[in-house]
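Colleague: The structure's right below; bear with me while I get my questions together.
The values are calculated or read from the model by the stated rules, or taken from the named source; none is laboratory data. Computed from a predicted structure; not experimentally measured. For neighbour counting, all protein chains shown are included, and Cβ atoms are generated from backbone atoms with ideal geometry for every residue, glycine included. To get the accessible areas, we keep the full protein, side chains included, count just its heavy atoms, and leave off ligands, DNA and RNA. Shrake-Rupley method; radii C 1.70, N 1.55, O 1.52, S 1.80 Å.
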Amino acid sequence: LLYSQRATMDTKEVNPSQPKEAPDDSAIMPGNPPETAPAPSSDRDKSVAFSEESSGFSKVIKKYHSGSAVPRRRSVTSSSNRSSMTLRRQPIDDLLVPRHSSVSVGGDTVASSQAAESDFEGEYRDDILYKTCLRPGYTLNKQLMLSFGIINAFTIIFVLAVCIVVAFTAGDTLKEINQIEFEQLAQERQGTTARYLAESLDQRLMLFDTVRIMNEATQDRFEGYPEASDDFVPFPDVLSNRSRYPISVDPAPFDWQLQANVNENNYDEYVHSETRWDFYKSRPVNAARAGFLMQGSCDPSVTDSSANGYFENCTDANNNVTAGGIIAPSPTTEMIHRKSSDLTPLMRSLFEARSEIRDLGIYFKNGGAGASFNYPQYTVGNGGGYTSVGCEWMNLPNPLDPTRPIATQEEIDRCHPDEEFVNVREYNPLERGWCIFMAQNPDQIAAFVGPDSWNPGSYLLSIGQGIYDRTTKEFIACSYVGIQVSAIDKELTKSKVTENSEVSIVVWQEAGNIASSTAVDAGSRESEDIVAVFDIDLGLTKDAWDKLYSLVDYSQKWDPQEVKDAYANYHHVDDTYLVATHPMPPIPSEYDPNYAPIFLIITSTKRSDLQEVVDGVNDIIDENVNQVNLYAIIISCIGLVVSFSIIVVTAHVITSPLRSMNSTANNIVNQFGDPSAEQVISRSNDLLKVNSIAPKTELSDVVAEFNKMVVSFSGKGMAKADKGKQEEVENIFNMRKSFFDLYEGRKDKSFKYPFLFVSEE
């Protein structure tokens, strides 16, 4: 204010030749004589005096405002004197220098921050903003860049960290869900695989249609049994108008009259599969004909007891079909031999149609003596035999006509007694349990499974049905279809869920014997080495098998849907395998009191295989998470660069008016009294234009006001009188009288800042 007043106040030129006027008493403070105020000796001294006075006034004001104690006065030499231009610029310099900078006052270098720090130390010293981005020594531009830059960096880094944490958390959660869902899916897939496999194998193993065809054909050919004629055959001849069976084939040879026609070179033409050939390559067979067997039939020319067709004391009478042989003569043997031979074409067709069939046969009652018709023709052999159970069961009521027994006592007497060992060449099917069951239950197709006595280590599935005459209701025979369970080993291999999983066909019995399994080479073990499902590592213990075996009680009435759900929901898990199962034949859609599973299809999948799949999916999840994190880091880095660039530009744009104002103010002060100053001032309006891209803020108003102020310094008005003058003039300071005491106080010895050289005197 003092310097502005001095620069703009109306002045009066003083001619150095004129005498100086004494100071006006009105300008002297009350109580102080005029002579105590020294008069300047020259114009320069006047200027210096005023400068010292004003500077001292400034310091006194500071002292009064700060309330600090008056420091000790210090004498200074003439070297402490500075020019008036320096002193004029000093207030501006004090304003522009940061609080912590050192300034020169009265020749002494004093750290201005001492006072400032004492004032603000408690407020800002421990403030993190004070220590980082809002430090007083930083320019506003730097403070803006640090403030917004740090906030922006922390924000982006925080968001990046959150994204990374979320990505890893989501990945871990997804892997947990994947583990659970995949195990559930594997269980469902296993159950579905077991069900589909059971339905598929049912079509290949449960050849019930084949049995029905055989039964229908046998009933047609033997209609009116035991009538020997064809009068009841349901095929009338058009020419003779008499019943006549349409197919006539030469009587089938006895089994021992075999002329093998299948060998290693043509087995594919006759037996059509490797599985069949594996069975028949060690047994002579004729696939073009069927063979007939009655009790005691044999080869009279064979005397070697180990040769096929051998029978002790065998003669031609043993092979007299008309008489029925000599062991158990029966009047129906010749008729059965003749009529059954006409079924050979049908038997061959059925054999060739299904590669799973090992052999087919029709086992006749033959008046109690028994007889069999088998395709293809093979020799029964002469070793081994079985224990008879007798034929007393035929005293039971006929299932189709309960008023009479199944057989007469005369027919029963032709059987071997109970518990008698019977040579295989005296084979009578009426003494075997499978045929007995069929005869007693002709309304259902029976299926039996057990070790194959002709093929050690393999299981044989026997399917058949009791055949009764439609007209006479007489029991005719038991049909038989033999199926090698090992024939579907390849099918089991194709049905494995994973490479190391196992698929097994287990007989639905309490013993839990394995009929076929990818885990067991059934053809390489002896018949006595029967393997149970819990004897090998397939995921089921004995207790687990017992629980599975008793899962459904078929002796009680059961609901088909509940049974299906029970098997579908059954899963057994141990440390190694995940086990699922399904019965075969499949559960019927309607309740059948005669239904019971024959096999259980069991799938055992190694958990390690499933875990490998899960781990593979988890690796993909980890890879995707890493990619997401990498993208997040890259985008964050780009965001940091872009945002910092924007902050730098924005800070520069916002603070540019302040920098321009500072520069213009410095030019005005530093070039005070310079003739060229008017040019600088005239250019101030151009320097203080607000940037066009800067937003309109309070700074815009400050710039506008500053421009107005600069115009007042343009050399016009009161300053015009001093244009081009180099000398200094005296300005009358009318307030001297009021501030005399303050001016006089500079002479106090305790005053620290002597702005005017004072001698020690």
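Colleague: Can you tell me which residues in the stretch 139-184 are open to solvent by less than 40 Å² (accessible area, probe 1.4 Å) and within 30 Å of Tyr577 (Cβ to Cβ)?
Modeller: Answer for the stretch 139-184, where residues must be open to solvent by less than 40 Å² (accessible area, probe 1.4 Å) and within 30 Å of Tyr577 (Cβ to Cβ): Gly171, Asn178.
Colleague: Filter the stretch 427-438 for residues that are closer than 19 Å to Met294 by Cβ and either out of contact with any helix residue (DSSP H, G or I) (no Cβ under 7 Å at 6 or more places or on another chain) or open to solvent by 50 Å² or more (accessible area, probe 1.4 Å) (or both) and give the result.
Modeller: Matches in the stretch 427-438: Tyr427, Asn428, Glu431, Arg432.
Colleague: Contact list please: Cβ distance under 8 Å, first residue in the stretch 425-446 and in contact (Cβ under 8 Å) with a residue 60 or more places away in the chain and aromatic (Phe, Trp, Tyr), second residue in a loop (DSSP other than H, G, I, E, B) and open to solvent by less than 50 Å² (accessible area, probe 1.4 Å), pairs at least six apart or on different chains.
Modeller: From residues that are in contact (Cβ under 8 Å) with a residue 60 or more places away in the chain and aromatic (Phe, Trp, Tyr), the pairs are Tyr427/Gln295; Tyr427/Gly370; Tyr427/Val380.
Colleague: For the stretch 439-448, check the following and say yes or no: at least one residue is under 30 Å from Gly309 (Cα atoms) and open to solvent by 70 Å² or more (accessible area, probe 1.4 Å).
Modeller: no
Colleague: Just to check your reading of the model, which residue among Ala477, Ala487 is in contact with a helix residue (DSSP H, G or I) (Cβ under 9 Å, 6 or more places away or on another chain), buried (at least 18 other Cβ atoms within 10 Å of the Cβ) and at pLDDT 80 or above?
Modeller: Ala477
Colleague: Against the condition under 30 Å from Ser355 (Cβ atoms), modelled with pLDDT under 85 and surrounded by 13 or more Cβ atoms within 10 Å (Cβ to Cβ), how does Arg189 come out, does it pass?
Modeller: yes
Colleague: Read through the list (1) open to solvent by less than 50 Å² (accessible area, probe 1.4 Å); (2) on the phi > 0 side of the Ramachandran plot, then give the number of the only condition that Leu460 fails.
Modeller: All conditions are met except number (2).
The rows are residues; the columns are (1) modelled with pLDDT under 90; (2) buried (at least 17 other Cβ atoms within 10 Å of the Cβ); (3) part of a helix (DSSP H, G or I).
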| site | (1), (2), (3) |
| --- | --- |
| Trp558 | no, yes, no |
| Glu562 | no, no, yes |
| Leu578 | yes, yes, no |
| Pro583 | no, yes, no |
| Glu590 | no, no, no |
| Asp615 | yes, no, yes |
| Asp622 | yes, no, yes |
| Leu630 | no, no, yes |
| Cys637 | no, no, yes |
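Colleague: Condition first: at pLDDT 90 or above, crowded, with 16+ Cβ neighbours inside 10 Å, among the charged types (D, E, K, R) and outside any loop (DSSP other than H, G, I, E, B). Can you find one or more residues in the stretch 223-236 that meet it?
Modeller: no
Colleague: Right, Lys547: surrounded by 14 or more Cβ atoms within 10 Å (Cβ to Cβ), modelled with pLDDT of 90 or more, basic (Lys, Arg) and not in a loop (DSSP other than H, G, I, E, B) or not?
Modeller: no
Colleague: I'd like to know if the stretch 264-277 contains one or more residues that are in a strand (DSSP E or B), touching a helix residue (DSSP H, G or I) at 6+ places or on another chain (Cβ under 7 Å) and in contact (Cβ under 8 Å) with a residue 40 or more places away in the chain.
Modeller: No, that holds for no residue.
Colleague: Within the stretch 596-609, track down each residue that is open to solvent by less than 20 Å² (accessible area, probe 1.4 Å) and in contact with a strand residue (DSSP E or B) (Cβ under 9 Å, 6 or more places away or on another chain).
Modeller: Once the filter is applied, which keeps residues that are open to solvent by less than 20 Å² (accessible area, probe 1.4 Å) and in contact with a strand residue (DSSP E or B) (Cβ under 9 Å, 6 or more places away or on another chain), the stretch 596-609 yields Pro597, Phe599, Leu600, Ile601, Ile602, Thr603, Ser604, Thr605.
Colleague: Something else: Inspect the stretch 456-466 for any residue being under 30 Å from Arg204 (Cβ atoms) and more than 60 Å from the chain's Cα centre (by Cα) and give the result as yes or no.
Modeller: The answer is no, given that none of the residues of the stretch 456-466 is under 30 Å from Arg204 (Cβ atoms) and more than 60 Å from the chain's Cα centre (by Cα).
Colleague: Here's a follow-up. Report yes if Ser660 is surrounded by 16 or more Cβ atoms within 10 Å (Cβ to Cβ) and modelled with pLDDT under 90, otherwise no.
Modeller: Yes: the conditions hold for Ser660.
Colleague: On the given criteria, is Tyr554 touching a Gly at 6+ places or on another chain (Cβ under 6 Å), touching a residue at least 40 places away in the same chain (Cβ under 8 Å) and not in a helix (DSSP H, G or I)?
Modeller: no
Colleague: Is it the case, given these coordinates, that Asp615 is of a type in the set (Asp, Glu), closer than 30 Å to Thr193 by Cα and without any contact (Cβ under 8 Å) to a residue 60 or more places away in the chain?
Modeller: For Asp615, the condition - of a type in the set (Asp, Glu), closer than 30 Å to Thr193 by Cα and without any contact (Cβ under 8 Å) to a residue 60 or more places away in the chain - is met.
Colleague: Identify, by number, the condition in (1) of a type in the set (Val, Ile, Thr); (2) in contact (Cβ under 8 Å) with a residue 24 or more places away in the chain; (3) in a loop (DSSP other than H, G, I, E, B) that Val159 doesn't meet.
Modeller: (3)
Colleague: Give me the residue from the stretch 405-426 that is buried (at least 21 other Cβ atoms within 10 Å of the Cβ), of a type outside the set (Gly, Ala, Ser) and part of a loop (DSSP other than H, G, I, E, B) and, out of that set, farthest from the chain's Cα centre (by Cα).
Modeller: Checked the stretch 405-426; the qualifying residue farthest from the chain's Cα centre (by Cα) is Arg414.
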